[in-house]
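To start, the structure under review is shown below, and the notes come after it.
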Amino acid sequence: MMGLKNMLVMIELELRRLRHDRTEIYFRAVQPILWIAIFGPVMGSIRAIPTGGVPYTDFITPGVMIQTTTFVSIFYGLMMVWERDSGILKKLLVTPASRYSMVIGRSMASGVRAIFQALIIIPIALVIGVKFQPNPLCILLAFIIIFISSGGFAATSILVASFMKTRERFMGVGQAIIMPLFFASNALYPIQLMPPILREISLINPLSYVVDAVRGLLITGDTSGLLLDIAAIAIFDAVMFVLSSISFKRIIE
Amino acid sequence: MVYAVQVNGLVKIYDGKVRALDGVDLTVDQGISFALLGPNGAGKTTLMRILTTQLRPTAGEAHVFGLNVVREESKVRRLISYVPQEISVWTDISGYENLLIYAKIFGVPSSEREKIIDEALENMGLSEVKNELVRTYSGGMIRRLEIACAVLIRPKIMFLDEPTIGLDPAARKAVWERLKIFKKEYGVTIFFNTHYMDEADMYADEIAIINQGKIVTGGTSKELKQSLGGEVITFTLGNNAYDPRIDQEIKKLESIRSLFIEGPSLTVIVEDAEVALPSIMNILKSMDVPVEKVSIAKPTLDDVFLKYAGTRLEDKGRISEVVRVREMVRKGGRL
């Protein structure tokens, strides 16, 4: 109970930060806009990628959304390294709040940021002509999935941060995680198009499941894989929460 | 009555090689202000981090209000508050919001929250800027906000790691005036690390001096100074006039308690300066050592430190480093 309350406090902290300063969200929106405004239409005009009947730009919009939210979450670990360099983490670890509630709370707080990051793309996608499923329940569920999965990615990043003691190293590792995750997923092309080895890899890539779920809910309306996707995301989150909670204390030592 | 802090044979070895604490024994009474004085790298911060349950000792035991800091760490955390040396507030939200988040983490009931936060802000003289972003605060204001976070939960003991490092004298005084009031009102024990001699002298009821991982001596400021006895004569020698034979010759005199050389100054602690001064001057003269200046004073804590640790406490470079880092954190806030 106490743990749950602390998680909510961490989410509140993130919302308060966002209220004071949102410039980061605007700047981070530039890259995904380029993907859907330029890359999407250009690649789509070749008609080389089978997208199951939806326009190519529509097909990649969920993938691009998830890519930016994953960026946000993965770089959340950087904030942990920063808070280690300042004294905030030390002070937090001396409070009665349990370590796991800190880790999960901070991870879910990054989910809040991720939701805003994903939301900002929608009006732009609409202007470009992307057609979303008109079902508000589906849209809500898609955002819940983005929120939950961002927590898992942020926990991954906290895990990495507990091994990387400097920000410079973390930056490098962060990049090295995100781009492979993105390209070895179904974000830009269906898994069937990949070479067999990459196909195997994409099966254990959590990003693929997130993209599949969100694409089904927002664009194609094909939710046949939804339960499997949710199960995969839940397992990913649980494993990452446990691992990052265990290694969290390393950050300050 | 149980001690606020009790430490027995505490050893901490980092990575199997760096011996940060080398058998520390220490007791601190409840309700006092206690200073751990020592140069950088003496083990002050390590000891404080063990007492605040952040690090586990390699050997030995430590208790806070009778609770073992390893076995009963979660109970210990309910009694203590801690202000690290580095900036420990979020600079991209307001001062009020910082306190609000902490109040919630500590589970202060929502009915009391407003009152307690306003009181803490008032106590630390921050009421007027409570809704401003912390990024815009001065160094002294940030320190007071950090202490406000620490007093918010009415701890039984507060651990402050270098609470006024890098602050100007007026800001330091302001911080301590507030702390003194808080201590008087709530009977909280204050355990602080410092390498400012005057700070320990003025604000600590008791002082322990730590050097190279060991407590070398302890007591009230008065006791420590009296333990040196007598008077301190300081000679400023002419350039490069030091000669190791000076030591031997002067030490032969009666009534010499200790003698130290630091740069161009020769410090001699004697029982009676009026008697000792002529004989020392004679020795220096006979060895052709030019003396530029002589001063006689009562012992200070600095002299106490010099005697027990063999070096003076001055360390300007390190202070400016901490100030630089704090400044960077304040401006950058968050990446």
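The values are calculated or read from the model by the stated rules, or taken from the named source; none is laboratory data. Remember, predicted model here, so these are calculated numbers, not experimental data. Don't worry about glycine lacking a Cβ; one is built from the backbone with ideal geometry, like all the others, and counts go over all protein chains shown. To get the accessible areas, we keep the full protein, side chains included, count just its heavy atoms, and leave off ligands, DNA and RNA. Shrake-Rupley method; radii C 1.70, N 1.55, O 1.52, S 1.80 Å.
Below, the figures for the structure above:
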{"item": "Where a residue in the stretch A:220-233 is closer than 13 Å to residue A:142 by Cβ and its partner, wherever it lies, is open to solvent by 30 Å² or more (accessible area, probe 1.4 Å) and in a helix (DSSP H, G or I), with Cβ under 7 Å and at least six apart", "result": "A:229/A:209; A:229/A:212; A:233/A:148; A:233/A:209"}
{"item": "Hits in the stretch B:91-108 - residues which are part of a loop (DSSP other than H, G, I, E, B) and either modelled with pLDDT under 90 or facing another protein chain (nearest Cβ under 7 Å) (or both)", "result": "B:92, B:93, B:106, B:107, B:108"}
{"item": "Filtered residues of the stretch B:10-40 (kept if without any contact (Cβ under 8 Å) to a residue 60 or more places away in the chain, surrounded by fewer than 22 Cβ atoms within 10 Å (Cβ to Cβ) and not β-branched (Val, Ile, Thr))", "result": "B:14, B:15, B:16, B:17"}
{"item": "Condition check for residue A:228: surrounded by 13 or more Cβ atoms within 10 Å (Cβ to Cβ) and more than 14 Å from chain B (Cβ to nearest Cβ)", "result": "no"}
{"item": "Residue check, residue A:97 more than 12 Å from every other protein chain (Cβ to nearest Cβ) and open to solvent by less than 10 Å² (accessible area, probe 1.4 Å)", "result": "no"}
{"item": "Some residue of the stretch B:118-129 being open to solvent by 10 Å² or more (accessible area, probe 1.4 Å) and in contact with a strand residue (DSSP E or B) (Cβ under 8 Å, 6 or more places away or on another chain)", "result": "no"}
{"item": "Subset of the stretch A:197-222 [over 20 Å from residue A:108 (Cα atoms), open to solvent by 30 Å² or more (accessible area, probe 1.4 Å) and under 20 Å from the mean Cα position of the chain (by Cα)]", "result": "A:201, A:203, A:204, A:212"}
{"item": "Helices (runs of 4 or more DSSP H) contained in the stretch A:172-253 and holding at least 3 residues modelled with pLDDT under 90 and under 30 Å from residue B:14 (Cβ atoms)", "result": "A:226-247"}
{"item": "Tally of residues being facing chain A (nearest Cβ under 9 Å) and outside any strand (DSSP E or B) across the stretch B:77-90", "result": "9"}
{"item": "Filter result for the condition that a residue is open to solvent by less than 40 Å² (accessible area, probe 1.4 Å), at pLDDT below 85 and not charged (D, E, K, R), over B:208, B:200, B:171, B:148", "result": "B:171"}
{"item": "Options B:199, B:223; residue that is within 16 Å of the chain's Cα centre (by Cα) and more than 24 Å from residue B:53 (Cα to Cα)", "result": "B:199"}
{"item": "Filtered residues of the stretch A:25-80 (kept if touching a residue at least 40 places away in the same chain (Cβ under 8 Å), within 14 Å of chain B (Cβ to nearest Cβ) and more than 21 Å from residue A:180 (Cβ to Cβ))", "result": "A:25, A:80"}
{"item": "Residue within the stretch A:138-150 that is more than 30 Å from residue B:54 (Cα to Cα), aromatic (Phe, Trp, Tyr) and touching a Lys or Arg at 6+ places or on another chain (Cβ under 9 Å) present", "result": "no"}
{"item": "Residues located in the stretch B:297-313, provided they are surrounded by fewer than 20 Cβ atoms within 10 Å (Cβ to Cβ) and at pLDDT below 80", "result": "B:310, B:311, B:312"}
{"item": "Top-ranked residue in the stretch B:42-76 [being assigned to a loop (DSSP other than H, G, I, E, B) and free of Cβ contacts under 8 Å to residues at least 40 places away in the same chain; ranked as farthest from the other protein chains (Cβ to nearest Cβ)]", "result": "B:71"}
{"item": "Residue in the stretch B:273-288 that is outside any helix (DSSP H, G or I) and over 26 Å from residue B:211 (Cα atoms) present", "result": "yes"}
{"item": "Residue ID - modelled with the highest pLDDT, chosen from residues in the stretch A:1-58 that are assigned to a loop (DSSP other than H, G, I, E, B) and of a type in the set (Val, Ile, Thr)", "result": "A:54"}
{"item": "Residue match in the stretch B:159-166 (condition: over 17 Å from residue B:205 (Cα atoms) and polar (S, T, N, Q))", "result": "yes"}
{"item": "The stretch B:211-230: number of residues that are at pLDDT 85 or above and either farther than 18 Å from residue B:38 by Cα or not charged (D, E, K, R) (or both)", "result": "11"}
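To keep it simple, each residue is scored yes or no on (1) away from chain B (no Cβ under 14 Å); (2) buried (at least 20 other Cβ atoms within 10 Å of the Cβ); (3) assigned to a helix (DSSP H, G or I).
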| residue | (1), (2), (3) |
| --- | --- |
| A:83 | no, yes, yes |
| A:109 | no, yes, yes |
| A:118 | yes, yes, yes |
| A:130 | yes, yes, no |
| A:134 | yes, no, no |
| A:140 | yes, no, yes |
| A:152 | yes, yes, yes |
| A:157 | no, yes, yes |
